[in-house]
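Quick notes on the structure that follows.
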Amino acid sequence: MNKLRYDDWAFTIFLKIVALVAFLWSGFFWSGVTIINFYQFNTAESYRATGFLIASILLLISIILMFLRMYIIQFPICVVGSVIYLVQAGQLIDVIESYTTRYIFEIVILIASIILFMLHLARVISKSMAESEKINTAPAESIIGDGVTVNYHKVEKPEKPKKEKKPRKEKKKKAPEPEYSEPEENNIDETKPDGD
């Protein structure tokens, strides 16, 4: 939640102060007067006082969240409180038009809530886009901390250790077989010596 809470600047502070002043006028003072009058002097329509009471409590919670810079949470609470308040106030204004200046300033609270919510939403989107762009444009390898390397684009699988090739067994050469040569026949002169 703290990551989504940004520092205030002059415009946001101005909106909060304006919303607080509008609440003190319409949501606290005149709403309080109306609640007391209905509960004490017009009990038949005390449901209107209950509506003003619930709306004022929701608007107060919304303004507190504004000052705590929880703009996303305060927005739906402010919308619900404003709807209940304006419905009750509208019924009284239809009867007595002079009541308009008593209750109409509640709209200022709703407008301030919407503007703060939109500004906050724009900041969140802008920050997320900047971080996304930073990651996409980062170098292939980014060094983080001491000696820790992170590759954003490509995760290389560790290479499998290569199996060492076993030396081939040399085939034993067969000893050359001795060559047997047939004995040469002695040339015997078969001619008999002449005895004659």
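Here the scattering of region 6-116 is modelled by Debye summation over its C-alpha atoms, one equal scatterer each and no solvent; at q = 0.16, 0.18, 0.24 Å⁻¹ the log10 of I(q)/I(0) is -0.66, -0.80, -1.27. Size descriptors for region 79-142 (Cα atoms only): Rg and Dmax, in that order, 21.8, 72 Å.
Modelled this way, with points 7 Å down the Cα-to-C-beta line, the labels at Ala44 and Val79 are 3.7 nm from one another.
Over region 52-91, the ratio between the Cα radius of gyration and 2.2 N^0.38 Å evaluates to 1.13. Whole-Hz Karplus values for region 107-118 come out as 4, 4, 4, 5, 5, 4, 5, 5, 5, 4, 5, 5 Hz, taken residue by residue from phi with 6.51 cos²θ - 1.76 cosθ + 1.60 and θ = phi - 60°; glycine and proline positions read x.
Readers should treat all values here as calculations from the given coordinates under stated rules, not as data from a laboratory. A quick note: this is a predicted structure, and the numbers were derived from the prediction, not measured. Every residue, glycine among them, receives a Cβ derived from its backbone with ideal geometry; neighbour counts consider all protein chains shown.
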